[in-house]
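Asker: One structure is given below, represented as structure tokens, and several questions about it will come after.
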Amino acid sequence: MNKGRILSLIGGIILIVAAFLPFSYFVDGLYSTFEITVAVLMNFTDNSVMQNFLLQVNPSYGMAAMILALIVAGFLLLTIGGLLAIIKKAGGSIAGPGGMVVLTIAGFLYAGALIFGFLGIGFYLGWLGAIICIIGGVISPDKDKSKINVSVNQQQNVTTNGAPMGSTQSTKNSTPEYITKYCNKCGYQNKADTSFCVNCGNRL
């Protein structure tokens, strides 16, 4: 297992763990992105509960809805990115950090510059996992691409226009060169398998 793979695996695990740890102070307590996402999804169809929830997040319904949507999207990106990184997929180095960017934006929209006073361990751990995934993704794909390029080059060397390369050369080499016999009498050039000169009839 190469270094990039190990880093991606560690980063993926950290991302998933971070999604379930206290992320930030939200409304009335310190919650994880998982808890906020579950609260939104469980009460999504209950208008009275959602209206009350939105007002607690922000006086503006539009801004509150955007913040909640970003938190839900960030949680999904974190978990999906973590899983992709664990199962050896390059998308983990994109989805995980993307989730942290989305969650950081949501935090700034909710608390502004005071966000750093509201943050929990999940936020810092999430960014740590995202950075590790990025490093792992930078290291791993180059090797994968080089393997692909090598295999393509090998295929190109083996086949050209559907036939093995060197087959024309071997065909040419396998074809015997045209051997001739010269007549001792008239000097005429005869085929190798002839016994008499075609020009003068002299025995070769």
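Asker: So residue 69 fits all but one of (1) in contact with a strand residue (DSSP E or B) (Cβ under 6 Å, 6 or more places away or on another chain); (2) free of Cβ contacts under 8 Å to residues at least 60 places away in the same chain; what number is the exception?
Answerer: If we test residue 69 against (1) in contact with a strand residue (DSSP E or B) (Cβ under 6 Å, 6 or more places away or on another chain); (2) free of Cβ contacts under 8 Å to residues at least 60 places away in the same chain, just (1) comes out false.
Asker: Just to be sure, is residue 132 modelled with pLDDT under 95 and either surrounded by 15 or more Cβ atoms within 10 Å (Cβ to Cβ) or of a type in the set (Lys, Arg) (or both)?
Answerer: It is true that residue 132 is modelled with pLDDT under 95 and either surrounded by 15 or more Cβ atoms within 10 Å (Cβ to Cβ) or of a type in the set (Lys, Arg) (or both).
Asker: Turning to a different aspect of this structure: Among what's in the stretch 67-90 and is within 18 Å of residue 21 (Cβ to Cβ) and under 14 Å from the mean Cα position of the chain (by Cα), pick the residue that is surrounded by the most Cβ atoms within 10 Å (Cβ to Cβ).
Answerer: Here the residue is 85.
Listed here are the residues, each with its yes/no results for (1) at positive phi; (2) over 19 Å from the mean Cα position of the chain (by Cα); (3) modelled with pLDDT under 95; (4) part of a helix (DSSP H, G or I).
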residue: 34; (1), (2), (3), (4): no, yes, no, yes
residue: 56; (1), (2), (3), (4): no, yes, yes, yes
residue: 65; (1), (2), (3), (4): no, yes, yes, yes
residue: 93; (1), (2), (3), (4): no, no, yes, yes
residue: 97; (1), (2), (3), (4): no, no, yes, yes
residue: 111; (1), (2), (3), (4): no, yes, yes, yes
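The values are calculated or read from the model by the stated rules, or taken from the named source; none is laboratory data. Keep in mind the model is a prediction, meaning the values are calculated, not measured. Note: ideal-geometry Cβ built from the backbone for every residue, glycine included; neighbour counts use all protein chains shown.
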